[in-house]
1. Which shape class applies to region 235-360: rounded if a/c is under 1.5, otherwise prolate when a/b exceeds b/c and oblate if not, where a ≥ b ≥ c are the square roots of the Cα gyration tensor eigenvalues?
2. Any chance you could check the Cα centroid distance between region 107-161 and region 395-421 for me, in angstrom?
3. Roughly how many whole Å is it from the C-alpha centroid of region 205-224 to that of region 248-317?
4. Between E174 and R330, how many nm apart are label points set 7 Å from Cα along the C-beta direction?
5. Give the percent of DSSP beta bridges with both residues in the chain that are antiparallel, rounded to the nearest 5.
6. Can you list residues whose amide H is under 5 Å from V336's amide H, if they're 5+ apart or on another chain and H is modeled 1.01 Å from N?
7. Mind checking which of N217, T354, I328 is farthest towards the positive end of the chain's charge dipole, using Cβ charges of +1 (Lys, Arg) and -1 (Asp, Glu) about the Cα centre?
8. Using Cα positions and a limit of under 18 Å, work out the lysines in reach of K176, with same-chain residues fewer than 8 apart set aside.
Amino acid sequence: MAVTATEPSTPTSAAFGPAVALSCRECGERYDLGPRFACEFCFGPLEVAYEFGDITRESIERGPNNIWRYAGLLPVPANVRELPNMNPGLTPLVRADRLAAELGLRSLHVKDDSANPTHSFKDRVVAMAVEAARNFGFTTLSCSSTGNLAGAVGAAAARAGFRSCVFIPAGLEEAKVVMAAVYGGRVVAIDGNYDDVNRFCSELIGDPAGEDWGFVNVNLRPYYGEGSKTLAYEIAEQLGWRLPDQIVVPIASGSQLTKIDKGFRELIALGLVEDRPYKVFGAQATGCSPVARAWEDGHDVIQPVKPDTIAKSLAIGNPADGPYVLDICRRTGGAVAHVDDDEIVDSIRLLARTEGVFAETAGGVTTGVLRKLVAQGDIDPDAETVVLNTGDGLKTLNAVSGTGVTATIPPSLRAFKEAGLL
Ligand SMILES: [Zn+2]
């Protein structure tokens, strides 16, 4: 039995709500709930296993206007809403008729996760990690980050009373660095790319110096990842308790896409939505497209790449969940595609111009891939489609740096008319 009695702390199971164990995604071996992330036998990733209680649409609808309305489906205590947390979620599902018309789609919604407290979907996953860190008695919250996560961890640590120390690759967008640092924690830039930062964090975690550190995306990763399920729950609830026919999701590590699929399957299993097929589509930037390349080549193995793209929040060259993404896109009849930096910028402008949603580069990737998949005939124009925007355009202003004033004129009506601006 792989369950050990030497965990740093042994929280009561009630602290994790309906979660009952961690289970290996590869071999199925089960472990006690603890700060562990890899199987001792096959090194496969661990994920949270549940025994759900009685959950109805009504019981969810009576909940708070944030992700804790789904607390009964998450590895958090029942009283989670009383604990100091950022309480993200229930972001707008924008009906995107004008963008749909431009792309030739019948029904399109944009799930706009820039409306979270630190303006990216990362608040969802960090909220889970905070509760796990509290349960395990960690004192410092940490992460390796391409930017958005660092801000989400800094804010959540400040709110919940943890120290924080986050690690980012040198050369990130200034807005993301400021957003990470303003909350008062330590922000350490590592000379290298995200994958180098990740390797460094693995070293630190194995060292006694990192003993009471909760790395949200390493030793708390199984809990952290579950936060992305709330995107699936919200989309279904906001569509009137219905799954979309097609959904376009960005791929960084690939975790978000796998958890959205997990969330949809849970809703079906619990009888909260009708069991009908849905297709999951993955979106990458051409400059970091290892999963899309494997998809195109029909491979099961992901060849790591060195990222070179303006979509830095997706710039993970060795995506841990890449193989699972391929499985899900194949199983559901979806696809994985990529768009280059010019198409990303063009798509940011398209989404802003048609729907008033200013996306960061990752939202340009999903919108661009949506446009490409429609043009290629991979997306059914008559089926209900949802596209994700996972972050705020204010974080990646440089991407649209040519955008500015239409004209500069003297303060006179005559000058305005003469400039031909009427
Ligand atoms: Zn295993």
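Every number in this text was worked out from the coordinates using simple rules, so none of it is lab data. Bear in mind that the values here come from a model prediction, so they are computed numbers and not experimental data. Methodologically, a virtual Cβ is constructed for each residue, glycine included, from the backbone with ideal geometry; neighbour enumeration extends over all protein chains shown.
1. oblate
2. 37 Å
3. Result: 24 Å between the Cα centres.
4. Modelled inter-label distance: 4.6 nm.
5. So the antiparallel bridges in the chain amount to around 30 percent.
6. Amide H neighbours of V336, under 5 Å, 5+ apart: G282.
7. T354
8. K122, K312, K395
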